[in-house]
Amino acid sequence: MSERKASVLTSLQAIAKKASERPEYRFRDLFRLLNEDMLRDSWRYVRKNAAYGVDKVSAVEYGQNLEANIHQLVEELKRKRYRAKNVLRRYIPKGKDKLRPLGIPATQDKLLQMAVKRILEAIFEQDFLNCSYGYRPGVGILDAVDDLTVKLQFGKYNYVVEADISGYFDNIDHDDRVERNIAGDLRKVLGVFDVAPNNVDVRAGSDASCQVDVRVTDVDRQYAPRIPR
């Protein structure tokens, strides 16, 4: 493991430890973590075959000049000049005769979102329940299916409840839960992600995937009060 990567992991582990030991702690100095080391390490998690945004710069092309691009991005952040680029709107089929809108950020914005997502995960992963599988690192839908199969076969359950929130991103409070734990300039970066310059909702981006489960966990705790943290 390189020294830079180790430094990033150490920082994230320290945040996770504090979040676990002090659940009500309000983090105020997270913006400094959006440095070149964090962005360089986060680049590993950006999908290289994903669709590009309005700038038409693919991940492969961005990566060819990665060091210079990351340096420029960090300078923009330091000088408070960073602005998210317009988001490309696309629609994909959803159910019968419905379309789901997607916002595709530019590659640079995907990278910054990924870095922010990792910081948020370090904080809020401490709150997630063992029964929560969505948008979390290391677990997914297949794990949920396996666990549910065992529980239904051998557990003492009489029924299964399936629920869906219509227009989830349009109806939840995007500030309430995160605001209680995050302060300072990192919140400004999150605000930039919420609505891009062309007013296209981009909350389906990388940082939002963590924010989704933060709120779902609040729901889980209402129905699973005996499940340990």
Tell me the residue from Ala84, Ala106 that is under 21 Å from Lys48 (Cα atoms) and touching a Lys or Arg at 6+ places or on another chain (Cβ under 6 Å), please.
Ala106
Kindly check whether there is at least one residue in segment 98-119 that is part of a loop (DSSP other than H, G, I, E, B) and open to solvent by 50 Å² or more (accessible area, probe 1.4 Å).
yes
Complete set of residues in segment 68-97 that are among the acidic types (Asp, Glu) and assigned to a loop (DSSP other than H, G, I, E, B)
Asp97
What tally of residues in segment 6-25 results from selecting those that are under 20 Å from the mean Cα position of the chain (by Cα) and without any contact (Cβ under 8 Å) to a residue 40 or more places away in the chain?
7
Tally the residues that are open to solvent by less than 50 Å² (accessible area, probe 1.4 Å) and either more than 27 Å from Leu66 (Cα to Cα) or part of a loop (DSSP other than H, G, I, E, B) (or both), restricting the search to segment 16-40.
5
Does segment 48-59 contain at least one residue that is within 15 Å of Ala106 (Cα to Cα), assigned to a helix (DSSP H, G or I), open to solvent by 30 Å² or more (accessible area, probe 1.4 Å) and not charged (D, E, K, R)?
no
Can you tell me which residues in segment 1-15 are of a type in the set (D, E, K, R) and surrounded by 12 or more Cβ atoms within 10 Å (Cβ to Cβ)?
Arg4, Lys5
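The values are calculated or read from the model by the stated rules, or taken from the named source; none is laboratory data. Here the structure is a predicted model, which is why all the values come from computation and not from measurement. When we count neighbours, we look across all protein chains shown, and the Cβ atoms used for this are built from the backbone with ideal geometry, even at glycine. These area figures cover heavy atoms from the full protein model, side chains too; ligands, DNA and RNA do not enter into them. Shrake-Rupley method; radii C 1.70, N 1.55, O 1.52, S 1.80 Å.
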